[in-house]
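To start, the structure itself, in structure tokens.
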Amino acid sequence: MCLFHTFIFQTNPLYQPILQQVKTIVLFCILSLVTTTIFAQKNNIKGLVLDSTGKKPLSYAIIALIKKSDSTLLLSTRSLLSGQFAIDKVKPGNYSVLITYPQMADFLLDIAVQDTSQLDLGKIVMNSRFQVLQEVIVRSAKAIRMHGDTLKYRADSFAVSAGANVEELLRRLPGIEVNFDGSIRAQGKNVKRVLVDGDEFFNDDPTLATRYLKAIAVEEIQVYDQKSEKAKLTGIDDGEENKTINIKLKENYKRGLFGKLLTGGNADGSYNHEAMLNIFRNREKASAFITHSNTNGLGLSYNDRSKYLSDESEFVQDESGNLIGNMHLDGNYGVSGLPNITTSGLQYINKWKDNKHQLSLNHRYNQLGSSGWSSYNSLQILPDGSERKTGSYNTNTHHEQINKGSGSYSFQIDSFSNIRAYTYIETERSLGKSSSSQESKDGNDNFLSKSLQNRFNEGNSEKMHAALFWKRSFRKIGRLVSANLISTYDQYRNSQLSETDNQYFNNSLPPTLDSLNQLQKNNQNTRVLAGNINYSEPISKSILLNIEYGWRSTNSERNRDAMGRGSSGKYDSRIDSLSNDYLVSVHSHNPGISLQYRESKLTMNAVMKVNLLNLRQEDRLTANTSSSRNFTNLFPSFLTRYSLSRMRNLSFNYNGRASTPSIDQLQPLKDNSNPFYVRNGNPNLRPSFNHNFNLSFNKLNLKGNSFNVSMNWYQIRNAITSQQSIDQFNKTTQQFVNRDLPGNFSIWINQTINIKNLGAKNASGYISFSMGYGNSGSLYILNNNDITSRQNRWSFSPMFSYNITGKLNWQYQPSFTYSTSRSALTKTQNFNHQHTSSLKIFLPWKLELQTDVVMYFQPANRDFGNSRNVIKWNASLNKKFFKHQQGEMALSVFDILNQNTGYSRSISGLGFSESAENFIPRYGILSFIWNLSKNF
Amino acid sequence: MKKHYLTVGLCVAVFLNCVAQEFTTKASITYEKKENIQKQILINTPGMKEHLQNMPTDRITRYELTISGNKTIYRSIPTQQRVSNSNITFLDSKKILYSDYNVGKTVAVRSVIDEEFIFESTPGTIEWRIQDEVREIAGYNCRKAIGRFLDSAYVVAFYAEELIPQVGPEGFHGLPGTILLLASPRMAAVWTATKVDLAQVKEDEILPPSIKGKNLSKEELKKKIKKKFADFGNRELDTDKIADSYFKSIYFL
């Protein structure tokens, strides 16, 4: 450890306090030894109070001695200028020592005093963990307090306007930032989950809870780092943490209903309707919502995607035995065009018999229809210096329906064991039509190829998943056994009719024609059976051993029937060369061992996992040829975390991870759906290995200020890299090969500062700075040339927020990015800056004016001759009605300047590309909202 | 890389902004006492309800507490306000309380109806239980505590951590800071600090009061009050009970 500290000290001035602290501790120990020998007569309690940096003494801190028997105050004293305090001649008995200081969290520490006790409480760092005697409780009377690892905000202490939602409340809380799109950051880190009373609210979409729930219903907001599912099962901290916000509702709001009705539209046919109802009765909770809208613009934004398409996460093992969260996120958000979306959800949660039984049922329905166009232009530079230009135009219509149902039941068998069953069923139907035309040219604008394609798609899929989890703890703290069993069956069927006409040009020769007219029927069934057993045993108070064993078997049938148009005009003649029938199986065994050392401030964790994998592919069409490969992969990892104090943490991680080539990379199924893109297998692929180092420091305080630094370096050895070759007709052949990739380095710094009482009364604000630098290398293999390119990327994005309660909220977030890319073929640089700002003003007569603007500037550079500046400006005027402001009318105008173009462009080491899609131009919408709430 | 160190260092420097807290041992605090007269009467004589209709509910009086370390003087500020003709409301029209917690001595001057008394005593003991609630009073964040004295009477107090002296209005003391709000359900009264003056503290006025009066013991005072009330009382009032509660208020409050 010492070595480690010295290393850090030399490299970074940030960690200087650690050494100082060590020095002070030594000094103090000597000092206290001397003093205790002098006054060794009557009892005596003493200590030293320091501020949260652990360096400055706190004078005038209150040290109160409270009798344990009846919790009355015996006496109180103040710390001296030196931060020291002493209490003598205390009546023997059990006491709590309460140490308080304005603006700081309380300390409460239990002590037993005897006639001759000489208690030295040592250094007491306010706001930090302090463990000298068995029991420590940190308590506070403040609006913000730290309880264990949880930061708690008492909602009533933060004023919000009447009828405000939770999002508005979160904006008021120091240390929490809410972005324009509703995403939340707490202490500089992204919040991944928002829970309501400890339960997921519909799903992992934070905005459903924060936008629909009313601030008035909230008692407390809790912010904490949730351990990974793996850590919960094994008790071993794997360093993976998700910032989580839990919204604790007031007792009287747990019996009642609240909901929202929204209807909006305009004369041009845009509409947006939403209805939402929640009913709570003690531990029983039922929620329902339905939305119907065609104003979601180009594809779906991140939020909409999770709002409309994701569902309750389910934990499954991947092939290397790692537990991963499966979001059931469907790929349909990539559909271009203007979707109209109908979505509905039903949820029922109940807990009974002292929460021993817990039942959760979910149903989601999504219907999505869209039609649109997109166009794409790119320029690619080949290693021989020649150029390839590609242009394409695509129109599509798409329709799909998804039904998802899930249920989970957990039962606390006794105080030690717990069992949980989970099922998930999904059906999906989709229908689509697309047509595209593509042209490619060489550098002298001579045509290389032309292609026209029409496609009709029809697909349906069914998924059935079931899982069983069992966990048992023992009287011995830390001993834990857990097991899980997962079985899934997924079926996917798809028919695709393609009509393709290709033309290849070769100098002066007449063009070669090639047309394809076929029906493809794809059928894929996958069965997975996986299990995992975990055993944790504490070897000593601070050492925990964990042994695990997991296995997984996947059997998959994939077949494709390609049918050509027969003489009868029907698709009934089978094309054998394009049809296939494969049986793919993957079996893996995953033993693992991990060791955790943990004392009050230091956590160290070493893990070694082994993955024994067998891949088998059988071609059932061509005389049962089969191939089989065995792999042995290692997954070492190492984690250290050091708490400098309760609110300051330093951590270092190393993660080694092997990745096995997939069946598709070793030997892809034959596929000719795109004549200009052919994939070949490489049976000689070896597993790749990824080394990842991370060093991070974070600090926060109760005022909401936080500081985070994170440095990351990784390199992939034997990376499975795509190799492409482009022929004279711009036809691409692709294959995977092993290569060592260049290393990647990145650093990210975030600092948030809260400012209270800015000028006006009730005014507050915060400033947050994020800076990032990244240096990454990438490798392109084109026509057998390895082209290494290096990218440098600097970014700076501060954020300013200013609030006056009941008057205005203002937020401004610029972001500046400068990137360079350098390879043997190209050298590019790019600068862009974006400014987002939102303003909400509370006017008289219950009127609210809200406006936000997004300005995107990309100055002209060598690669793009014209600068690209887009200003998107939206505004809405709201009027609230009725006594409790349940009614609301809103007039909103989107893209006032009509600058939305649906255009984007990007640069890579081998050229650049630009694309355009259809979009919704300026529109206005008039909506009526009715919020209802009732207690019973 | 040097650039990065500079940035990191800069961030740390920005971050290390510490809170400067003002602590003080001298102050002059003005309290406003708000009593619910109707409630007070009802507590003592429940049968009076119909007589109360013409009576104002609240009466407001003001006091000044001058503090220097552990010595305080608490004096009523004379008001012109004429509230009611009721013979109960003018009872605590003049009040001086000198306390020296260093030596454990209090000297009080009280006017009981038409006579002034002076008596010496020791500060009473109060059992405090510190609570979690925090409220802002006169610009100070104050923490709640519940006090119990004379075995059964309860008060609620809010004390400021920034004001070091362990004192408060009406002789209440012993909390880790100065009490800025005091509420007595039994007296239906609330004392709230309206002004905390740290600049002009008349320390030289913190002296034991000396008036021409009888220095009485606890028991003597109790008897005297009972007699006074009996002389003044009418049939509808339980004068014994009122005298008893008044004694309690004089002796401690």
Förster-model FRET efficiency, 51 Å R0, residue B:136 and residue A:350, C-beta, rounded to 0.05 = 0.75
task = Search the structure for amide H atoms under 5 Å from the amide H of residue B:178, placed 1.01 Å from N in the peptide plane, and list their residues when 5 or more places away or on another chain.
result = B:160, B:163, B:167
message = What distance in nm lies between label points placed 7 Å from Cα along the C-beta direction at residue B:103 and residue A:286?
response = 7.6 nm
ask   = Given labels modelled 7 Å from the Cα in the Cβ direction, how far is it in nm from residue A:621 to residue B:42?
value = 9.2 nm
key: Gain upon complete extension [residue A:724, residue A:785; 0.36 nm per residue less C-alpha separation]   = 21.0 nm
request  = Compute the FRET efficiency between residue A:487 and residue A:573 as 1/(1 + (r/R0)^6), taking r as their Cβ-Cβ distance and R0 = 41 Å, and round to the nearest 0.05.
outcome  = 0.55
query = residue A:829 to residue A:447: extension gain in nm, 0.36 nm per residue of separation minus the Cα-Cα distance?
reply = 134.5 nm
query = By count of other Cβ within 10 Å, fewest leading, how are A:771, A:889 ordered?
reply = A:889, A:771
ask   = Quick one: which of A:738-745, A:95-102, A:365-372 comes out on top by average Cβ neighbours within 10 Å, and what's the full order, highest first?
value = A:95-102, A:365-372, A:738-745
query = Label residue A:425 and residue A:845 with points 7 Å out from Cα along Cα→Cβ: what is the distance between them in nm?
reply = 5.5 nm
Net lengthening on full extension, residue A:897/residue A:409 (0.36 nm per residue, minus Cα-Cα) = 170.5 nm
query = At a Förster radius of 35 Å, what calculated FRET efficiency corresponds to the Cβ-Cβ distance of residue A:634 and residue A:677, to the nearest 0.05?
reply = 0.50
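All of the numbers you see were taken from the coordinates with simple rules; none came from a lab. Here the structure is a predicted model, which is why all the values come from computation and not from measurement. Reconstructed Cβ throughout: ideal geometry from the backbone, glycine too, with neighbour counts over all protein chains shown.
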